[in-house]
Amino acid sequence: MIEVSNVVKDYGTLRAVDHISFTVQEGEIVGFLGPNGAGKSTTLKMLTDYLTPTSGSININGKDMATDSLQIRQWIGYLPEHNPLYEDMTVYDYLRFVADIRNLSDKVFNTRLPQVIEECGIKEVINKKIGTLSKGYRQRVGLAQAILHDPMVIIMDEPTTGLDPNQILEIRDVIRRLGEKKTVILSSHIMQEVQAVCDRIIIINKGKIIADDRKEVLQSQLAGKTVLDLELLARDPHFYDFRMLDPTLSIFHEGKVKEDVWEVVLEYSNKTDLREKISRFITEKGWLVLSMQKQERSLEKIFHELTMESKTMAKAVDQTEYMPKSKPEDTATGGEETNE
Amino acid sequence: MNNIKSILKKELNSYLVSPATYIVLVIFLLITGWYFNSTVFVIGQAEMRSLFSTLPILFLFFIPAITMGMIAKEKNTGTIEILTTLPIQDSQIVLGKFLAALILMGVTLLFTVIHLITIVRFGENIDYGSIFWGYIGLLLVSATYCAIGVFGSSLHSNQIVAFIISFVLVFFFFIIEVILVIFPGPLAEFFQYLSFNYHFSNLQRGVVDTRDIIYFGSMIILFLKGATISLESRKWN
């Protein structure tokens, strides 16, 4: 349905997207995941012909973007990043305007409008000025605009950014329902988001695709491991003996913290729990366990590891990880608006 | 065509709901009304020439003001991304916006007909031909200014900057006739041909020359094309 091959996008000397290729089948919900500035938005902008690739080709439903852009744009519904809207229009006027440009007949518009109002839950605000709406409603209006013409493909750039946790859940719900019938492509820098709604995840970093697979496969391939952080009190230890305990066990890291105190990170298949064996082994050796901590490798961790190359990058990812936790502040101010 | 109409409708609507439009319009009518009435009875001649020759000066401020937001504001708020990814060509967006500004100018000019009525009531020997062509000339001048205004608006995301760009451009084509003396012969002729006033004054005298029409037409096309290219340039930079 969507075929992107060898697409490159340069902004001046900066290469934002670097030879990206992927295909999306009809009915898939695909999530682009990556830290800020990874090239997600640029990719989506090229899929909607807002930007033209420096090289490479985009093919949607058998038509080439370079030659049949207008036709392709008829099939696409697009919710850009930050959800720009015409503040001085009413919701109805805005949808009418979009319908006009999309050449929807009055008949189609009049049958689609109630459905879209229902689907996006914008009944109460349909005659209000967009500028007066709360963020949650604005997002729904943006979605309504994107699905008004019953498109084959819906492209959403960071659809839940800036919403409070309740609104995020609502929008995700809408997206999931849309995904039952449509091809949906969305981007996010928040792990839980793509995990919650997407079938397939494309992890992108520095303009390159670094992982592209079904969500479950990604999870089991990369997340099928337990990481055990150990702090040990030991004199002249040889940690490689740990490897005899289990064939899947490997020593991820070892280092001296201070005199006789060692830090060891072990990694093993999460099918078995090796903690008991490991403790016994340590006791046999005559070492002491100062601390032992088990970590599941979640997708979030994988994302972190895959995209972490420099310290600054790690910082950016940290911020995104903690972002949902700072959300309640937003709620406090968001609650005063017309929403809820 | 339908697409252009949708854009046109949207732009006219936003003119209608914006208080700024009315403020600018009222100021414009106050100035023209004052200017017309303070001179017409003094001169004692049933003609609109003095008003007609002042209008292009007023338009220097008026038209960049009504066009400055057309594309700049969309760039600023990001709605340009919605608009340009809808199935509509960039040239249609530009054309729709240009026509909206032109229609607003047409309506504005329609208000000055009140002065014409004054003349018809009180004057004799009215040269209807020159007044008719004067209006046509004013429309062509406005259309050219509008095209430049839309072009200026497409160059920047800040409305004020867009206003200044458009103003400088229209001012250049307006003032160039006045400073012709500093240029040597052939160059002066060339710059004279570029000037709005040179072509407008022909029409105002009731002299219809296709060269003048071609001048205004090509200026309009040039700047609308420029605006389209500027809008499309986002794709490649």
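FYI, it's all coordinate maths here, none of it is from the lab. From a predicted model like this one, the values you see are computed outputs, not experimental measurements. Reconstructed Cβ throughout: ideal geometry from the backbone, glycine too, with neighbour counts over all protein chains shown.
For segment A:64-204, the dipole from Cβ point charges (+1 on Lys and Arg, -1 on Asp and Glu) about the Cα centre works out to 260 debye, to the nearest 20.
Partner aspartates and glutamates whose Cα lies under 12 Å from the Cα of A:Lys208, excluding those fewer than 8 positions away in the same chain, are identified as A:Asp18. When the helices of the protein assembly as shown are scored as -39500 (n - 2.57) per DSSP H run of n ≥ 4 and the total is divided over every residue, the value at 222 nm lands at -18500 deg cm²/dmol.
Candidate cross-link partners of B:Lys225 among the lysines, defined by an alpha-carbon separation under 27 Å and a same-chain spacing of 8 or more, comprise A:Lys9, A:Lys45, B:Lys5, B:Lys9, B:Lys10, B:Lys73, B:Lys75, B:Lys97, B:Lys235.
Around the amide H of A:Leu79, modelled in the peptide plane, lie the amide H atoms of A:Ile155, A:Met156, A:Asp157, all under 5 Å away and 5 or more residues distant in sequence or on another chain. Counted by Cβ distance under 13 Å from A:Trp75, the other residues give a net charge of 0, where Lys and Arg count +1 and Asp and Glu count -1.
Each Lys and Arg contributes +1 and each Asp and Glu -1, all at the Cβ; summed about the Cα centre of chain A, the dipole is approximately 360 debye. Taking every residue in A:83-92 and counting other chain Cβ atoms within 10 Å of its Cβ, the average works out to 4.
Sequence-distant contacts, meaning Cα pairs under 8 Å at least 6 residues apart, place the relative contact order of chain B at 27 percent. Between B:Ile7, A:Asn59, A:Leu228, the Cα set farthest toward the positive side of the dipole of the protein assembly as shown (charges on each charged residue's Cβ, about the Cα centre) is that of B:Ile7. To make sure I understand the rule: partners must be aspartates and glutamates, Cα under 16 Å from the Cα of A:Lys107, and not fewer than 8 residues away in the same chain. Which ones qualify? Within reach: A:Asp150.
Taking a span of 24 Å or more along the helix axis (Cα atoms) and a mean Kyte-Doolittle hydropathy of at least -1.0 as the rule, the DSSP H helices of chain B that qualify are B:19-43, B:49-67, B:90-111, B:128-155, B:210-232. Each of B:Ser201, B:Ile27, B:Ile213 was scored by the projection of its Cα onto the charge dipole of segment B:2-232, and the greatest displacement toward the positive side belongs to B:Ile27; charges sit on the C-beta of Lys, Arg, Asp and Glu. Of the Cα atoms belonging to chain B, the radius of gyration and Dmax stand at 18.7, 61 Å.
Counting Cβ atoms of other protein chains within 10 Å of each residue's Cβ and taking the mean over peptide B:73-85 gives 6.
With the charge dipole of segment A:2-221 set up from +1 on Lys and Arg Cβ and -1 on Asp and Glu Cβ about the Cα centre, the Cα lying farthest toward the positive end among the listed residues A:Leu143, A:Ala211, A:Leu44 is that of A:Leu143.
Local charge for A:Leu274 was computed over the other residues whose Cβ lies under 11 Å away, with Lys and Arg +1 and Asp and Glu -1, and equals +1.
Dividing the C-alpha radius of gyration of the protein assembly as shown by 2.2 N^0.38 Å, with N its residue count, gives 1.32. Put a plus charge on the Cβ of each Lys and Arg, a minus charge on the Cβ of each Asp and Glu, and nothing anywhere else: the dipole of chain B about its Cα centre is then about 560 debye.
Annotation: amide H-H contacts under 5 Å for A:Leu290 (H modelled 1.01 Å from N, sequence separation of 5 or more, or interchain): A:Glu231, A:Leu232, A:Leu233. Phi-derived couplings, Karplus 6.51 cos²θ - 1.76 cosθ + 1.60 at θ = phi - 60°, listed residue by residue for segment A:264-272: 10, 10, 9, 9, 8, 4, 7, 6, 10 Hz, with x used for Gly and Pro.
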